[in-house]
Amino acid sequence: MLAAEVLVNNHAVGNIVREGKTDQLDNVIRSGALQGMVSMDVSIQRLLDGGFITSQEAYAAALDKSRFERGMKDNA
């Protein structure tokens with residue numbers, strides 16, 4: 001199954017990239033959901049919620065492992 005991060009090039013994204021502050025892109029993605037932006041972990045969570053992947057697969061692929069630790073403990 002494909003988990004994909006979606007970043008829409010808007011004014012804020014352009015400024016962040018131009019200024020070399022790419023560490024701020026995660027915040028832009030989180031606040032840009034209405035524009036269709038999706039973080040990798042949200043995409044992974046959707047696959048997990050849909051039953052397409054296991055909690056172990058979600059944890060292994062996650063960028064923020066803490067978000068998926070509970071599922072690992074529940075399946076231990």
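Taking Cα pairs under 8 Å and at least six residues apart, what relative contact order does the chain come out at, in percent?
29 percent
Ignoring ligands, DNA and RNA, how do Leu25, Leu34 rank by accessible area with a 1.4 Å probe, largest first?
The ordering from most to least exposed comes out as Leu34, Leu25.
Report in % the part of the accessible area of the chain that belongs to carbon and sulfur, leaving out ligands and nucleic acids; probe 1.4 Å.
Answer for the chain: carbon and sulfur cover 52 percent of the accessible area.
Identify the trypsin sites (Lys or Arg not before Pro) of the chain meeting these criteria: DSSP loop state and at most 13 other C-beta atoms within 10 Å of the C-beta.
Here the sparse-neighbourhood loop sites are Lys21.
Could you please report the charge total around Gln24, scoring K, R as +1 and D, E as -1 over all other residues with beta-carbon less than 14 angstrom from its beta-carbon?
0
In units of 2.2 N^0.38 Å, what is the alpha-carbon radius of gyration of the chain?
Ratio of Rg to 2.2 N^0.38 Å for the chain: 1.25.
Could you compute the FRET efficiency for Leu63 and His11, with r as their C-beta to C-beta distance and R0 at 22 Å, rounded to 0.05?
Efficiency for this residue pair is about 0.30.
If ligands, DNA and RNA are left out, what is the accessible area of Val8 with a 1.4 Å probe, given in Å² to the nearest 10?
About 50 Å², rounded to the nearest 10.
For the chain, what is the mean residue ellipticity at 222 nm derived from helices alone (per DSSP H run of n ≥ 4: -39500 (n - 2.57); sum divided by total residues; nearest 500 deg cm²/dmol)?
The helix-only estimate for the chain comes to -13000 deg cm²/dmol at 222 nm.
In whole Hz, what ³J(HN,Hα) sequence does the range 34-46 give by Karplus (6.51, -1.76, 1.60; θ = phi - 60°), x for Gly and Pro?
Result, ordered by residue: 5, 8, x, 6, 9, 7, 4, 5, 5, 4, 5, 4, 5 Hz.
The values are calculated or read from the model by the stated rules, or taken from the named source; none is laboratory data. Keep in mind it's a predicted model, so treat the numbers as computed, not measured. Counting neighbours? That spans all protein chains shown, and the Cβs are built from the backbone with ideal geometry, glycine included. Accessible surface areas use protein heavy atoms only, side chains included; no ligands, DNA or RNA. Shrake-Rupley method; radii C 1.70, N 1.55, O 1.52, S 1.80 Å.
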